[in-house]
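Inspection log for the structure reproduced underneath, given as structure tokens.
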Amino acid sequence: MALVTCHYFSEALGVSTAMTVLLPQATQSQIGLAGVASAAPPPVLYLLHGLSDDETIWTRRTSIERYAAERGVAVVMPRAGRSFYSDEVHGGAHWTHLTQELPALVSSFFRVSDRREDTFVAGLSMGGYGAVKWALREPTRFAAAASLSGALDIRAEAQLVHDVPQVWGPAGPGPDDDLLALLDAAEPAALPALMVTCGTQDFLHRHNLSFLDRARERGIDVLADVEGPGDHEWGYWDARIQDVLAWLPLGR
């Protein structure tokens, strides 16, 4: 894999920002890592960070580079601050940046596929929320979306809303930022494949169950892994991102 640290100016945010990008590279003499690459532009996974982290965290805390190399998938990890991937009331337009500006910049900077069947999104915690929100609001963009220990019932997580008052203001998230409301408005047949995983010791576990209950009520199929042990920590996420990559319909 090639690892690219990309600093660029965001018109949406009005400030310079950054993303970390992994690009497939076919190698023959590299010790300990067999890279896979094809003549066609590779599939791409947008991989989102959590509340207290940044665009470097997945490469620092997991072996995502090694896992992605085995499957020939590009990975784009953007910076989003503590925005919950939303256009903040008192802050930056992070939703606009993520959903409109970032994909266009990725396509202009890097050789990756722009086909829906080759495009995926996943994230952990705040990033799990962001990944599912993006998939529900723009279902024709993705073939699959996954949440790892996601904040999936944002209205029930009052402490998170209290900790980030700059995002939504005193009123809290509206229907476009409420995943349960988005499930109610979704057309099940139009959605990408969805995966939700959360350990039973995680403080967000009950909110993942609420999301899954609402999805079942709406007839929305979600691959769920919420019955096994696991806390809100990197050992769990390193294991689960391997499950996500194995589940993605890469090259199908």
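The values are calculated or read from the model by the stated rules, or taken from the named source; none is laboratory data. All of these numbers come straight from a predicted model, not from anything done at the bench. Virtual Cβ from ideal backbone geometry, glycine too; neighbours counted across all protein chains shown.
Computed quantities for the displayed model
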quantity: Residue within segment 61-74 that is closer than 19 Å to Ala144 by Cα, assigned to a loop (DSSP other than H, G, I, E, B) and free of Cβ contacts under 8 Å to residues at least 60 places away in the same chain present; calculated: no
quantity: Residues that are surrounded by fewer than 24 Cβ atoms within 10 Å (Cβ to Cβ), in contact with a Cys (Cβ under 9 Å, 6 or more places away or on another chain) and not aliphatic (A, V, I, L, M), drawn from segment 104-149; calculated: Phe109, Phe110
quantity: Residue ID - farthest from Ala135 (Cα to Cα), chosen from residues in segment 69-103 that are crowded, with 23+ Cβ neighbours inside 10 Å and of a type in the set (Val, Ile, Thr); calculated: Val73
quantity: Count of residues meeting criterion [closer than 18 Å to Leu136 by Cβ and either in contact with a Phe, Trp or Tyr (Cβ under 9 Å, 6 or more places away or on another chain) or free of Cβ contacts under 8 Å to residues at least 60 places away in the same chain (or both)] in segment 75-101; calculated: 10
quantity: Residue match in segment 172-189 (condition: touching a helix residue (DSSP H, G or I) at 6+ places or on another chain (Cβ under 8 Å), within 21 Å of Leu245 (Cα to Cα), modelled with pLDDT of 95 or more and part of a loop (DSSP other than H, G, I, E, B)); calculated: no
quantity: Number of positions in segment 92-110 that are of a type outside the set (A, V, I, L, M) and in contact with a Leu (Cβ under 9 Å, 6 or more places away or on another chain); calculated: 6
quantity: When residues of segment 8-33 are limited to those that are farther than 17 Å from Leu98 by Cβ and at pLDDT 90 or above, the one surrounded by the fewest Cβ atoms within 10 Å (Cβ to Cβ); calculated: Gln25
quantity: Search result, residues across segment 6-41 that are out of contact with any strand residue (DSSP E or B) (no Cβ under 6 Å at 6 or more places or on another chain) and without any contact (Cβ under 8 Å) to a residue 24 or more places away in the chain; calculated: Ala26, Thr27, Gln28, Ser29, Gln30, Ile31, Gly32, Ala39
quantity: Top-ranked residue in segment 193-252 [being farther than 30 Å from Pro41 by Cα and polar (S, T, N, Q); ranked as nearest to the chain's Cα centre (by Cα)]; calculated: Asn208
quantity: Close pairs (9 angstrom Cβ cut-off, 6 or more residues apart or separate chains): farther than 19 Å from Ser125 by Cβ in segment 211-231, basic (Lys, Arg) and surrounded by 18 or more Cβ atoms within 10 Å (Cβ to Cβ) anywhere; calculated: Ile220/Arg214
